[in-house]
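To start, the structure itself, in structure tokens.
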Amino acid sequence: DSINRFGYSASAISILSSIYEEINRIDKAVETFMKLEESDTQKGQGYYQLGRLFNRKSNPQKAIEYFEKYLPFRPISDADIFITLGNLYELVGNIDKAVNNYIRLEDINSHRGNGHYYIGLLYEKKGRLVDALKEFEYSLEIMPTNSNILLKIGELYENIGNNRKALEIYKKAIAIDPIKEIELNHAIARCYEKIGERVMALSILKRIEN
């Protein structure tokens, strides 16, 4: 546990800052966490901890400020920071910045496909269903056996009125993930009902009940 020039170890700083946070002395918590920036081995950790603190305190603007300062020091393995920043930028209504952070996940091999997935969720929340569909389909190209993505794509096709395409997607999802069979069969029955094939819809619903 390295000691900075003030004589504090990283663990001592963390404990002291937590105490200040508990008694709502945020100014002192900030001052204490910033001591981490005085240690060459802890560079960026003060900013990161302050981002987390202000995120807990539901102050997204301040959380963004400190997380952005942390970025130049982030370990290569820390991909979650882009998800966190994307969520925070969504909260403050900066959609372009949210998208810019989510798309950075695509540069990290272990997270490829997730960036498009998060952007798809964002566009879906904003009612941009066609754009959301494109993002989920990009994600599916990278993760073709992900049943959650297929389910999202099926729901979007259904929401924009393309029930036959939704039906096709739901059937693919069942083949990949039988665990979701009941949920997906309800969706399939719903689509058959919408396209006027009530006999098929009833047959599937009866099979679910049995």
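The values are calculated or read from the model by the stated rules, or taken from the named source; none is laboratory data. No experiment lies behind these values; they were computed from the predicted model shown. Every residue, glycine as well, gets a Cβ built from its backbone with ideal geometry; the counts of neighbours run over all protein chains shown. Only protein heavy atoms, including side chains, enter the accessible area calculation; ligands, DNA and RNA are left aside. Shrake-Rupley method; radii C 1.70, N 1.55, O 1.52, S 1.80 Å.
Here are the numbers for this structure:
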| item | result |
| --- | --- |
| Probe 1.4 Å - accessible area at Val92, Å² to nearest ten | 50 |
| 3J(HN,Hα) from dihedral phi, the range 14-25, Karplus parametrisation 6.51/-1.76/1.60, rounded to Hz, x for glycine, proline | 4, 5, 5, 5, 5, 5, 4, 5, 4, 8, 6, 9 |
| Residue-normalised accessible area of the range 91-160, given per residue in Å² at a 1.4 Å probe | 51 |
| Cubic angstrom per residue, convex hull over Cα atoms of the range 93-200 | 93 |
| Equivalent-ellipsoid semi-axes of the range 46-146, from the Cα gyration tensor, Å, largest first | 25, 17, 9 |
| Prolate/oblate/rounded label for the chain (Cα gyration tensor, a/c 1.5) | prolate |
| Ile108 accessible area, 1.4 Å probe, all protein chains in place, Å² to nearest 10 | 30 |
| Under the Karplus curve 6.51 cos²θ - 1.76 cosθ + 1.60, θ = phi - 60°, whole-Hz ³J(HN,Hα) for the range 180-194, x wherever Gly or Pro sits | 8, 4, 5, 4, 6, 5, 4, 5, 5, 4, 4, 5, 4, 4, 5 |
| Greater than 19 Å apart at Cα, pairs in Lys62/Lys97; Lys69/Lys97; Lys125/Lys171; Lys134/Lys194; Lys180/Lys206 | Lys125/Lys171; Lys134/Lys194 |
| Value of relative contact order over the range 91-153, rounded to a whole percent, pairs C-alpha under 8 Å and six or more apart | 24 |
| Sulfur and carbon atoms: percent of accessible area, the chain [1.4 Å] | 49 |
| Förster radius 35 Å - calculated FRET efficiency between Arg25 and Ile76 (Cβ-Cβ, nearest 0.05) | 0.50 |
